[in-house]
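Engineer: Take this structure first; my questions come after.
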Amino acid sequence: MPNQNQQLTVSMYHYTRELQYSRYPQIKGMDLASFRKQLSFFKENFNVVRMEEVIEAIKGKYTLPEKALLLTFDDGYVDNYTYALPLLEEYGFQGSFFIPGKPVEEHCLLDVNKIHLILAVANVDSLLNDLLEKLDYYRGTEYDFPSNDELINEFAHANSWDTKEVIFIKRVLQTALPEKLRGIISSELFAKYLDVSEEIMARDLYLTRDQIRTLKRHGMHIGIHGYSHMWLGRASNEIAQNDIKKALEVMDEFTNHDEWTMNYPYGSYNENVLEFVKKNGAIAGFTTERGIATIGGKLDLQIKRYDCNDFPPKSQAFEFMA
Ligand SMILES: [Zn+2]
């Protein structure tokens with residue numbers, strides 16, 4: 001058995017664009033000059049592998065090369081097609097694109113992106129005030145949720161990327177409130193801070209079905225990233241399972257039913273989610289837990305990844321490991 005405990009390093013991307021010249025330069029993403037430098041770093045220091053190789057390694061039929069590295073792109077942004085694909089082809093690398101079903105099918109803006117865009121244009125203090133006012137307005141109506149103080153205590157904690165205010169806004173709008181209310185408040189804030197409709201923004205932001213087909217034709221891998229990009233690990237079983245089922249239906253033409261790949265939105269999953277995707281044919285599952293992944297064992301549905309900002313030219317930590 002050559003396949004036990006093979007190591008795989010995974011780099012995770014979201015937006016890839018000319019940030020400086022884009023309409024929303026404050027959006028958090030990988031600018032192209034850095035992306036190119038990073039691909040050069042990988043070419044020199046790693047062996048970039050294809051998802052097919054990872055799948056064969058999981059099945060015990062293939063041994064990954066030393067310093068194997070996989071490139072993954074989350075959320076199905078059109079800038080991955082416009083800017084990342086040409087560079088991937090130039091370097092001869094495969095990208096694996098994990099695309100939520102809902103934007104492809106319904107051309108609507110995911111809550112996660114409404115929040116990114118609002119944060120990219122709004123003054124954080126004014127946004128925070130607006131949000132707290134809205135929470136007071138909706139509390140005790142049709143919706144029940146904790147007081148502002150309790151929410152602040154629970155969620156306003158900075159992490160390595162965001163301030164406590166930003167994390168608070170993100171968590172409240174991503175997960176703390178009842179789902180329907182999250183959508184309502186995100187849309188109200190979007191309408192206040194952005195001068196474009198959600199549908200036009202969605203059509204600007206996401207890959208179309210034709211573009212996904214083209215990615216595939218160019219040798220890229222397409223994987224599942226849920227339907228409505230929810231925290232699957234916090235949803236009820238029924239809601240989580242329906243979301244994954246719907247994603248599989250919508251992405252059917254791009255995936256292999258017996259060996260599809262899952263990427264948990266926000267890195268959120270639980271035992272039930274793992275069991276459900278396994279039973280339905282997932283062969284690999286990608287998380288947002290940082291670390292080098294071990295392939296060909298019990299953790300094939302919980303593959304660790306690094307953020308692209310953890311590698312040169314954004315961070316030098318990996319130069320010593322490469
Ligand atoms: Zn995502």
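Engineer: Measuring from centroid to centroid over Cα atoms, what is the spacing of the stretch 264-282 and the stretch 98-165 in Å?
Structural biologist: 25
Engineer: Shifting gears a bit: Please list, by residue number, everything in the stretch 109-135 whose backbone N is under 14 Å from a paramagnetic label point 7 Å out along Cα→Cβ of Glu188.
Structural biologist: In the stretch 109-135, the label zone of Glu188 (backbone N under 14 Å from the point 7 Å along Cα→Cβ) covers 127-135.
Engineer: Please work out the FRET efficiency for the pair Thr141 and Thr82, using the Cβ-Cβ distance as r and a Förster radius of 35 Å; give the result to the nearest 0.05. Write down the numbers at each step before the final one.
Structural biologist: Working: r = 43 Å, r/R0 = 1.22.
Using R0 = 35 Å, I get an efficiency of 0.25.
Engineer: If you don't mind, there's one more thing I want to ask. To the nearest 0.05, what FRET efficiency results for Asn45 and Lys216 with a Förster distance of 30 Å applied to their C-beta separation? Could the numbers behind the result be given before it?
Structural biologist: Working: r = 28 Å, r/R0 = 0.94.
Approximately 0.60, to the nearest 0.05.
Engineer: Enter the angle in degrees (range 0 to 90, nearest 10) between the Cα long axis of helix 32-45 and the first principal axis of the Cα atoms of the chain, meaning the one along which they spread out most.
Structural biologist: Helix 32-45 sits roughly 30 degrees off the main axis of the chain.
Engineer: Lysines within cross-link reach of Lys59: Cα-Cα under 23 Å, excluding same-chain residues under 8 positions apart?
Structural biologist: Cross-link targets: Lys67, Lys216, Lys278, Lys279, Lys298, Lys304.
Engineer: Under a point spin-label approximation (7 Å from Cα along Cα-to-Cβ), what is the Ser236-Asn256 distance to one decimal in nm?
Structural biologist: 3.6
Engineer: Right, something else. Loop only by DSSP, 12 or fewer other Cβ within 10 Å of the Cβ. Give me the GluC sites (Glu not before Pro) in the stretch 1-79 that pass, ordered by residue number.
Structural biologist: Glu66
Engineer: Quick one: P(r) of the stretch 111-200 from all Cα-Cα pairs, 5 Å bins, percents rounded to integers, in order of increasing distance.
Structural biologist: 3, 13, 28, 27, 18, 8, 3, 0
Engineer: List the equivalent ellipsoid semi-axes of the stretch 66-177 in whole Å, largest first, each obtained as the square root of 5λ for an eigenvalue λ of the Cα gyration tensor. Please report the intermediate quantities before stating the final value.
Structural biologist: On the way: eigenvalues 247, 56, 35 Å².
Square roots of five times the eigenvalues give 35, 17, 13 Å.
Engineer: Still on this structure, please answer the following. Count the net charge of all other residues whose Cβ sits under 15 Å from the Cβ of Pro313, scoring Lys and Arg as +1 and Asp and Glu as -1. Show your work: numbers first, answer last.
Structural biologist: On the way: positive: Arg36, Lys37, Lys43, Lys314; negative: Asp31, Glu44, Asp307, Asp310, Glu319.
Net local charge, Pro313 excluded: -1.
Engineer: Can you figure out the FRET efficiency of Lys245 with Glu106, using R₀ = 22 Å and their beta-carbon distance, to the nearest 0.05? Numbers along the way, then the final one.
Structural biologist: On the way: r = 16 Å, r/R0 = 0.73.
So, using R0 = 22 Å, E works out to roughly 0.85.
Here, each number is a calculation from the coordinates, and none is a lab measurement. This is a predicted model, so every value here is computed, not measured. Here the Cβ is made from the backbone with ideal geometry for all residues, glycine too, and neighbour counts use every protein chain on show.
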